[in-house]
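Q: Please read through the structure below; I'll follow up with questions.
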Amino acid sequence: MAGCPQIHENEEYHKRLNEDSLMHTPEFVIKPRSHTVWEKQCVRLHCTISGWPEPRVVWYKNNVSIDPMAKPGKYKVESSYSVHSLEINKCDFDDTAQYRVSAMNSKGETSAFASVVVKTPCLEYGVKFETHIVEKFGVSFGREGETLSFGCSVIIYPSLQRFQPEIEWYRDNKLLVQSKWVQMHWSGDRATLTLSHLNKEDEGLYTLRVITKSGFETHSAYVFVRDADAEVAGAPGAPLDVQSLDANKDYVIVTWKQPAVDGGSPILGYFVDRCEVGMTHWFQCNDTPVKFARFPVTGLVEGRSYVFRVRAVNKVGMSHPSRVSEPVAAMDPADRTRKGTTRTTKQIHKNKTKTKQAVKYTVATKNYVVLSWKPPGDKGHEGVMYYVEKCVSGTDSWQRVNTEIPVKSPRFALFDLAEGKSYRFRVRCCNSAGVGEPSEPTEATTVGDKLDIPSAPGRVVPTRNTDTSVVVSWEASRAAKELVGYYIESSIAGRNTWEPCNNKPVKGTRFICHGLTTEESYVFRVRAVNAAGISDFSQESEAIKVKAAIGGGILHASPTPPYGITVLECVRDSMVLAWKQPTFIGGADITGYFIDYREVIGGVPGKWHEANIKSVSERVSELKENMLYQFQVRAANMAGVGIPSLPSETFKCEEWTIAVPGPPHDLQVQEVRKDSLVLLWKAPVYQGRDPVNGYYIDIKEAEADFEMWRGVNEKATNKTFMKVCIHVEEGESYVFRVRAQNKAGVGKASDPTEPVEAVTKPGTAEIVVNVDDDGVISLNFECSNLTADSKFVWSKNYKEMTEPERMTLETKGSKSKAIFKTPSEEDLGIYSCFVTHTDGASASYTLSEESETEFMISKLFHPSSPVIPLKTELAVELLEKGRVRFWLQAEKISANGKIEYVFNDNKYKMNFDKNTGVIEMFMESLGKEDEGTFTFQLQDGKATNQSSLVLIGDVFKQLQKESEFQKKEWIRKQGPHFVEYLGYEVTPECCVRLKCKVANMKKDSVALWYKDGREIKVNEKLDFSEGVLTLEITQISKKDAGIYEVVLKDDRGKDTSTLNLTDQGNTAEKGFKTNSSTQLKIQSTEEGIRLYTFVNYYNDELHVTWHHK
C-alpha cells in the first residue's frame, strides 16, 4: 500500500503528456495592476495568461467590451505569445473605471480586474471635500462555503462629476486586494465588498476607508464565520490559515491553526494533504495523525509547485478540509532570489568537504525531528546531496538514516524515533566524486515535544457593551511561547451548552462577543492556542446580563463621568461646549463622548436627547433660540459607555455680541517640578470683535479665596503655553486659569485647573542631548513607570510632531529619542516629550542660539565629514547570461544616502537596497573598452567613502573569457540541450549502452543518432520524458568502432554530442569480455581434476589461453 500514492502520482503525470490532458482552463500567471494617473497621461494594463487551447482575450470597461476601432487612437490592444495588454492614450476623467480582462477557451473562462483612476490637477487646489458614510454595514455572520456581501453608501460634498474618491478595504488592518475570494465594487455612490466561498480565514474586523484629498473617513464592523455542518455529526471543524514555510528542493514545512470546534470530543490529530499545481489528485502526506500544528512534508519533486490542505480528526470522524494554501515551489531558496551563478570547476573530486555550519534542530516533537544545516560555502558544489546519520547518546555507533537515496535539501525530517531516547546527528556531503567527511555532531537531544501547550488564561471579566454584545477581557496565559491567540466560548448561564464566539484566534486579551440574546445572562471562558495545542479552559466568568451599557455603565471598566461643562460660544441655534475629561478612563483610551441635552421650561427640565460628540469640545446644533438648556456628557472606551455626568448649569441659547474674547479652554499642566511647571491651553472659540492678541495667566493657592487670584505675567503672551516659576515652599498646591485679550479688552477667564502640587516626584527624568561619533544629534527621554498602553508624544514648541520632516522618532522599551536629520537654525525651539497613561511623566529641552548646548558644540567640534563604514569592499561576480555584477555592502547608511560611480557611466545600471546597504552595478557583457578601474563613491549627509576595483591584464581577460562562456552556455540551454554528454557503459548482459541526459525538450524536438556521419535508424521510439537517450550495441566487435554522434534540434536551436569509440572501443570490448566469463571453477572427475568457466559471449576474435603461476 505504501507505493499507491506514487502510482497515482505517476499516472497523473503521464496523463498530462497526452494532448487532451494538456487542455485546461485559462489561468492568470500575472494579473493586471491598478493605476492612478494624471489627465493627458497614457496608461498600460498588461497581464500574462496560460491555457490550452490558446484562449481568446477580451478587455472590458465597466463590463462593456472595448472596441479599439470604435475610437481609433484611444485604445491599443496587443497580444504577444501569452502577454496581453491594453493601452489607453491621453487619459481623461471618463477613463476612470474598473477594467476587466476575460480569457476564454473550450475548457472555461476566467477574469481579472484592475482599476484606473484619472486625477485632475485642478482638484488639488481650493476644494475641500466633506465625506459622509451612511447606510453602514453592521456586524455580520456567515457560514463556511457561503457568499457574503456588505457595504456602505458614501456622500461626498461638493459633488464634482470629474472626481472619484479612493476606496480601500481592510481586514484586521491589512489592506485587501482583488482575488477569487475577495471582490470589491464601487458604483460611484456605494462601496460593496463580496466574500465568495467564506472560510474562517475571512473572519475579522473589516474597515472601509474613503479617501479624498481633504482626508479620509472610515467605518468598521466585525464579520464572523461559523463552521459548515460536518459530514459526520460530532466531527471537528476544519483547520485554518494553512501556510507553507521554509520550502527547499524536496521539503517544506506546513503550518496551520487549530479549529475552535472539536465536535464534542478531543481532536486526535491532523492529516496533511498535498496536490501538485495543475493537477486534481490529492495525496495524504502522513499515515498517522499528528497533533503538532506543524509538519514537514518530504519527497517533493524539485522544480514542481504544490498546494496543501489540512484535515482534523477525532474519534467520530474527519473534518472538512481547510482552505488550500498558497502555491509554493520545491526549490532551493537561493534560486528564488539568486542574481548570479557560481563558477564551475573541473576538479570535482576535491569538493568532498564538510558542511559549512553545524547541524541544528529546527523543529523537535515526539513524532519527528527536523534538522537543518547550511550547504558548503565553497563554489563549484553543483549536484551536492547529503546523507544524515544518527547515534544513540552514550554510544559511538553511527547509523545512516537515508541509506538508499541522499537528500537534496539542507533540511531533513526524521520519523520513527523512540520517544524519551536521546540522540545525536551529523551530516555528510556527497557528489559525483564520493562522500565527504561528516559534520560536527549535534548536541544530544531527547525525543519529545519541546514546545509546551500554553497554560490556561487567567480571570475572565465580561462587560456590558450593546443589547446584543458583551466585551470580554481576560488575563493572558503565563509564560506562553509562540502564542497564536485565544478562543472565547459563551454559554447561557446554567445550561452548560458552549458555543464559540470566534472561529479565528485573537491575539489580544479583549474581545467583543456579538450575536447574543438581549436580557439573557451569559458566562464566558477562554482557551489559549499555540502550535503544540490548545490549553485548558479558564475558569468561567461571572454571569452578566446582555444589556446596553448606555445609562448603566460598568464601574472600573468604562470611564468615570466627565465634569465641568461650560459654554465656549453661542449663536442663535447652536452652542459650543467644553468639559473636563474623566479622572479615571477605565483602563483603556477614551474613544469618544456622548452628549445629551434637554430643554428647561419654567424651571422644569424636559426629556433628554442624545447627540454623538468625539472630542472634548464640540458644537451642538439645531437648538432653539432664546431657549434654556442643560447638558450631560458620557465618556466611552472599548469596555463600554460610562455613566453620565451631573447636569450642567442652565445655559440660554442666544447669540453672543460682546466685544472681548470668550474663555480659553482645555487647560493642561505638564513638567511639574518643585519650583516650576508648564501650562498649556487652547484659544477661545469666540474671538470677539477682533482677533485674540495675547493671554494672561493667573495663579492662586488651591485653598485660597477667590480674591487671591494674582497675575503671573505682566505683559500678555501670544503663545498658548507658558512655563510658570513658583517661588514658594515645596509641596504647596496651586490652581491656574487663563484670560484672553483683543483690542477691545480682556475677556472672561477660563475654568481653573485641578489643584497641582509643586513637587518633583521620585523617578522624574529630564531630556538628555547626545552627539554620537558620527556627529548625529539626538534628544533622549526615559520613563521608568510605563504601562502597557503608554506612548511617547514628542512636540516642538508644544505642538505634537506626528510626522516630522526634520527629525526621526525612535522608541524602544522605556526609552525614546528624537534624532535630527540635518541640524540647522530651523531646528531651534522648545522640544518636549509627554508619556501617556502615566502620572504626568514629561520633560522639555530648549535649543536656542544663546544656550551653549551640545547642539552648538557639534558644529564646532565635528566640522569634518565622518566615514561611511563598509562591510565588504567592491567585488565582482558573474551572473546568468554572462552578465557581470559589481557590488559592495555598506555597514551603515541612511535612506538619504547617494551613490555615484566612475567609468563609462552611461552603460551601467545601479541598484541600492537601503535596508541591507547592498549597492550593485550590472553590465550585460565585457568589452575591450571596459578594461580599467571601477570606483563606487558613497555620500550620506556629511559622511563619505569610496571603493575601487582594478580589472586589467590577465585578470580582466580571464573574467571576460568566463563571461563569454556563460553567455554561450545560456544561449545553448534555451533550446534542447545535453545535461550529460554522450558516454557509454557495459551492462551485465555484455551489451554496450550509449547514453546521454537531455533537458528542455518539447513535443516537436527530435534526436538523431549518427555513426561516422551516417544516420542510425533507431527501431524503438525515443522517450524524452525521463530525460535520458540510450542506444544499445549487442555483441560488440571491431566493426562497431567509430565516431558516434547525437543531434538534438527543434525550432529553438540544436545541440550536438559526440563519442569516439575508435580509441575507446578496445576498452569497451575488453570490459564486456571481462564481464562475459565467470570465476574459474574446479571439479574432480575419474580422469582427474577439471578446471572450467562459463562464457556468456564468444566470437572468433576471442582466443583461449591458460596460464599457470
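The values are calculated or read from the model by the stated rules, or taken from the named source; none is laboratory data. Please read all numbers here as calculations on a predicted model, not as lab measurements. Here the Cβ is made from the backbone with ideal geometry for all residues, glycine too, and neighbour counts use every protein chain on show. Ligands, DNA and RNA are stripped out before the accessible areas are found, and what is left, the full protein with its side chains, is counted by its heavy atoms. Shrake-Rupley method; radii C 1.70, N 1.55, O 1.52, S 1.80 Å.
Q: Rounded, prolate or oblate: which one fits the stretch 65-140, using the alpha carbon gyration tensor with axes a ≥ b ≥ c (rounded when a/c is under 1.5, else prolate when a/b beats b/c, else oblate)? Working shown, then result.
A: Numbers: a/c = 3.42, a/b = 1.38, b/c = 2.47.
In terms of gyration-tensor shape, oblate.
Q: So for the chain, averaging the separation of alpha carbon pairs under 8 Å that are six or more residues apart and normalising by length, what relative contact order in percent results? Intermediate values should be presented prior to the final figure.
A: On the way: 2573 pairs, mean separation 47.2, N = 1109.
Once normalised by length, the contact order is 4 percent.
Q: Using alpha carbons only, how many angstrom separate the centre of the stretch 933-971 from the centre of the stretch 822-841?
A: So the two Cα centres are separated by 48 Å.
Q: Once the dipole of the chain is set up with Lys and Arg at +1 and Asp and Glu at -1 on Cβ about the Cα centre, which of 963, 509, 901 lies farthest towards its positive end?
A: Checking the options against the dipole of the chain, the answer is 963.
Q: In addition: So for the pair residue 733, residue 287, with labels modelled 7 Å out along Cα→Cβ, what separation do we get in nm?
A: 7.9
Q: Then there is this: Quick one: how many lysine pairs does the stretch 33-175 have with C-alpha atoms less than 21 Å apart and a gap of 8 or more or different chains? Give me the count, please.
A: Within the stretch 33-175, the lysine pair count is 18.
Q: Please state, as a whole number in µm²/s, the translational diffusion coefficient that the Stokes-Einstein equation yields for the chain at 37 °C and 0.692 mPa s, with Rh defined as the Kirkwood radius across alpha carbon pairs. Intermediate results must be reported in sequence, preceding the final value.
A: Numbers: Rh = 37.7 Å.
So the translational diffusion coefficient is about 87 µm²/s.
Q: Quantify, in whole percent, the carbon and sulfur part of the accessible surface of the stretch 33-123 (1.4 Å probe; protein heavy atoms only).
A: Working: 2620 of 5050 Å².
Looking at the stretch 33-123 in its full context, I get 52 percent from C and S.
Q: From the convex hull of the Cα coordinates of the stretch 27-158, what is the mean projected area in square nanometres? Mind showing how you got there, number by number?
A: Numbers: hull surface 45.9 nm².
Mean orientational projected area (the stretch 27-158, Cα hull): 11.5 nm².
Q: Still on this structure: Rolling a 1.4 angstrom probe over the protein heavy atoms, how many square angstrom per residue are accessible across the chain?
A: 55
Q: Can you sort 923, 627 by solvent-accessible area, 1.4 Å probe, largest first?
A: Details: 923 0, 627 45 Å².
Heavy-atom accessible area, descending, gives 627, 923.
Q: Would you be so kind as to identify which of 155, 590, 264 lies farthest towards the positive end of the dipole of the chain, taking Lys and Arg as +1 and Asp and Glu as -1 on Cβ and the Cα centre as origin?
A: 264
Q: At most 14 other Cβ atoms within 10 Å and a DSSP loop assignment: could you name the GluC sites (Glu not before Pro) in the stretch 196-236 that fit?
A: Values: sites: 201, 203, 217, 231; in loops: 203, 231.
The qualifying sites are 231.
Q: May I have the count of lysine pairs in the stretch 180-336 with C-alpha atoms under 22 Å apart, counting pairs 8 or more residues apart or located on different chains?
A: 6
Q: Now for a separate question. What lysines does residue 1011 reach when the alpha-carbon gap must be under 24 Å and sequence neighbours fewer than 8 apart in one chain are set aside?
A: List returned: 995, 997, 1021, 1038, 1039, 1049, 1054, 1070, 1073.
Q: Okay, moving on. Share of the stretch 428-584's accessible area from carbon and sulfur, percent, 1.4 Å?
A: On the way: 3270 of 7230 Å².
That fraction is 45 percent.
Q: Using a 1.4 Å probe on the protein chains only, how many percent of the accessible area of the stretch 710-820 belongs to carbon and sulfur?
A: Working: 3060 of 6710 Å².
Using a 1.4 Å probe with all protein chains present, the stretch 710-820 comes out at 46 percent carbon and sulfur.
Q: Run down the aspartates and glutamates and flag those whose C-alpha is under 19 Å from the C-alpha of residue 545, throwing out any fewer than 8 positions away in its chain.
A: Of all the aspartates and glutamates, those that pass the test against residue 545 - Cα under 19 Å, at least 8 places apart if same chain - are 467, 489, 499, 519, 520.
Q: Name the lysines eligible as straight-distance cross-link partners of residue 914: C-alpha to C-alpha under 21 Å, and not fewer than 8 places from it in the same chain.
A: The reachable lysines, counting only those whose Cα sits under 21 Å from residue 914, are 339, 821, 871, 892, 898, 942.
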